[in-house]
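Worksheet: one structure, shown below.
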Amino acid sequence: MLRGSCENQKIVNKMGTAARSWVNRKPNETMRLIVTTFVGMVFGFWIGVCFPTLSLTKLNLPSSLLPNTDLSYVDDQRSGISTQTLLNALNPLNHNNSSSTQAQLLNGTSKIWVPTNPRGAERLPPKIVKAESDFYLRRLWGNPNEDLTSKPKYLVTFTVGYNQKNNIDAAVKKFSENFTIVLFHYDGRTTEWDEFEWSKQAIHVSVRKQTKWWYAKRFLHPDIIAPYDYIFIWDEDLGVEHFNAEEYIKLVRKHGLEISQPGLEPNKGLTWQMTKRRGDQEVHKVTEEKPGWCSDPHLPPCAGFVEIMAPVFSRDAWRCVWHMIQNDLVHGWGLDFALRKCVEPAHEKIGVVDSQWIVHQTVPSLGNQGEAQNGKAPWQGVRERCRKEWTMFQGRMANAEHSYYTALGIDATNFTGN
């Protein structure tokens with residue numbers, strides 16, 4: 001029994017020794033924990049000061065770790081990358097994203113792609129895109145925003161040869177400073193026109209033996225001439241003694257004409273009834289033609305019709321007409337009957353301005369630019385080409401309309417030709 005008491009006493013002594021040892025070590029462990037916490041806080045503060053803009057996009061983390069990470073709170077405006085973009089790039093299920101794209105995103109860069117930009121400019125930021133232009137002349141020096149003392153609101157073009165210089169000089173003087181003047185030279189002679197002071201401020205385009213519709217298709221794209229409210233596309237052989245361009249514009253606006261022409265002197269040359277001047281009106285939009293010529297009083301040549309020698313288009317109407325001009329059909333025959341397709345209702349928005357009228361002098365200058373073939377005079381070959389183009393244009397229009405309506409499941413016979 002004495003032996004048992006001794007053993008019990010030893011156990012108690014050991015427990016007391018262990019307790020005293022633990023009590024002695026507790027202050028040391030507490031101090032170590034306090035020091036470690038303080039050092040960690042200092043280190044964290046130092047990291048925050050030295051790297052204030054550190055973000056997940058700067059970290060070189062394995063992509064497999066990031067898809068499961070909630071990044072909805074990330075809003076690093078300076079990186080220019082949205083959270084969704086980052087997630088899309090890092091999602092292993094998105095097979096459309098290449099490894100190079102992921103690398104660019106992780107490096108804080110992003111490619112621009114704006115589908116609403118003009119075709120071909122999708123990679124540009126929208127604010128740098130300038131989709132439209134003009135014919136305004138600018139200096140080679142000075143401040144660009146001080147180049148233009150005025151901006152003409154209208155455009156007039158003439159397709160010319162130098163032999164008609166006096167007629168063109170008289171015509172140009174009927175147009176005010178509100179008009180930009182463009183001369184298309186089919187004979188290659190341009191510098192001689194500098195004898196006229198106005199020519200030094202005009203736009204000159206020279207390509208030999210081409211027609212005004214060839215020029216118009218290539219140099220009058222709607223985005224190039226977008227600043228101009230109205231576009232005059234005129235021949236060179238027009239007498240303008242009774243014409244004033246500013247007054248003409250006023251009447252066009254007053255009567256809501258999107259496509260128009262001045263009335264033609266009825267005693268000079270062959271014309272349609274629709275385009276002959278009426279002395280008792282400002283404007284007319286309908287007429288009566290020979291019996292059987294008009295299947296509908298609202299269709300050409302009784303309405304919705306002007307000739308192609310001196311047409312005037314609003315900006316919106318020209319945007320449509322330009323797209324209808326065929327690249328290879330250079331004479332424009334057939335266009336006059338199709339212009340109505342570009343405005344609605346055509347019988348109200350196409351008309352002839354009677355109180356501002358012109359004379360068609362019928363100078364066969366363009367016909368002389370042809371070549372004699374098979375014993376035929378140059379003008380004969382040109383005229384045959386005109387008639388052939390008219391037939392071709394009518395066929396293309398009919399086929400295009402037929403294809404359109406057929407694709408919609410509509411009986412095309414109810415629409416083509418109307």
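Side notes on the structure shown:
- Taking amide H positions as modeled 1.01 Å from N, with prolines and chain starts lacking one, the residues under 5 Å from Tyr230 and 5 or more places away or on another chain are Leu155.
- Reachable aspartates and glutamates from Lys376, criterion Cα separation under 17 angstrom, eight or more residues apart if same chain: Glu384
- Relative packing of 371-380, 198-207, which averages over residues the other C-beta atoms within 10 Å, highest first: 198-207, 371-380
- Across the cross-link table entries Lys174/Lys209; Lys151/Lys173; Lys290/Lys349, which are compared at the Cα atoms, the separations over 20 Å belong to Lys174/Lys209; Lys290/Lys349.
- Three-way shape call for region 122-203 based on the alpha-carbon gyration tensor, with the a/c threshold at 1.5: prolate
- Inter-label distance for Asn145 and Ala226, nm, one decimal - labels placed 7 Å from Cα along Cα-to-Cβ: 2.0
- Distance between region 179-252 and region 280-331 - C-alpha centres, whole angstrom: 20
- Highest mean packing comes first when the peptides 217-224, 229-236, 392-399 are listed by Cβ atoms within 10 Å, giving 229-236, 217-224, 392-399.
- Qualifying chymotrypsin sites (Phe, Trp or Tyr not before Pro) in region 289-374, DSSP loop, other Cβ atoms within 10 Å at most 15: Trp293
Values in this text are rule-based calculations from the coordinates and carry no lab data. Since the structure is predicted, the reported quantities are computational estimates derived from the model, not experimental observations. Note that each Cβ is placed from the backbone with ideal geometry, even for glycine, and that neighbours are counted across all protein chains shown.
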